[in-house]
Amino acid sequence: MSELPAIAEFLPGYEATGWLGIGAPKRTAAGIVERLNAEINAALADPAIAARLDTMGIEPTPMTSADFGKFIAAETDKWAKVIAFAHIKPE
């Protein structure tokens with residue numbers, strides 16, 4: 001629908017993306033988390049897996065577990081502000 005303008009053209013700074021990630025319970029040993037992170041990032045670097053994800057419209061963003069934690073915190077903060085500004089209440 002190329003004739004329709006993008007939301008960002010009306011709302012400067014607008015950004016909304018879908019994302020998914022893999023987590024572990026909070027008290028999981030650091031060594032296990034690091035191993036899982038390394039193996040998942042290695043899988044995402046595999047050309048066959050990358051090609052399959054691409055066919056599904058998924059763009060992997062490998063990161064460390066610490067960076068993923070920061071990403072989740074930033075997303076939580078961003079959407080909490082939107083919810084507060086819009087006075088959104090749970091139903």
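No value in this document is a laboratory result; all are computed from the given coordinates. Keep in mind the model is a prediction, meaning the values are calculated, not measured. Positions of Cβ are generated from backbone atoms using ideal geometry, with glycine treated the same way; all protein chains shown enter the neighbour counts.
Modelled spin-label separation between residue 38 and residue 11, with each label point placed 7 Å from Cα along the Cα-to-Cβ direction: 4.2 nm.
The C-alpha atoms of the chain define a longest principal axis, and helix 30-45 lies at about 70 degrees to it.
Length, then width, then depth: along the principal axes, the Cα atoms of the chain run 44, 35, 25 Å.
Divide by every residue of the chain the summed helix terms, -39500 (n - 2.57) for each DSSP H run of at least 4, and state the resulting mean residue ellipticity at 222 nm, rounded to the nearest 500 deg cm²/dmol.
Details: 4 runs with 50 residues, N = 91.
Value at 222 nm, helices only, nearest 500: -17000 deg cm²/dmol.
Evaluated over the chain, the count of Lys pairs having alpha-carbon atoms less than 21 Å apart is 5 (only pairs 8 or more residues apart or interchain). Across 17, 76, 55, mean-square fluctuation computed from a Gaussian network of the chain (C-alpha pairs under 10 Å connected) peaks at 17. Among 31, 13, 23, whose mean-square fluctuation peaks in a Gaussian network model of the chain (Cα, cutoff 10 Å)? Highest fluctuation of the listed residues: 13. Computed over the chain with a Gaussian network model linking Cα atoms closer than 10 Å, the most mobile of 74, 51, 16 is 16.
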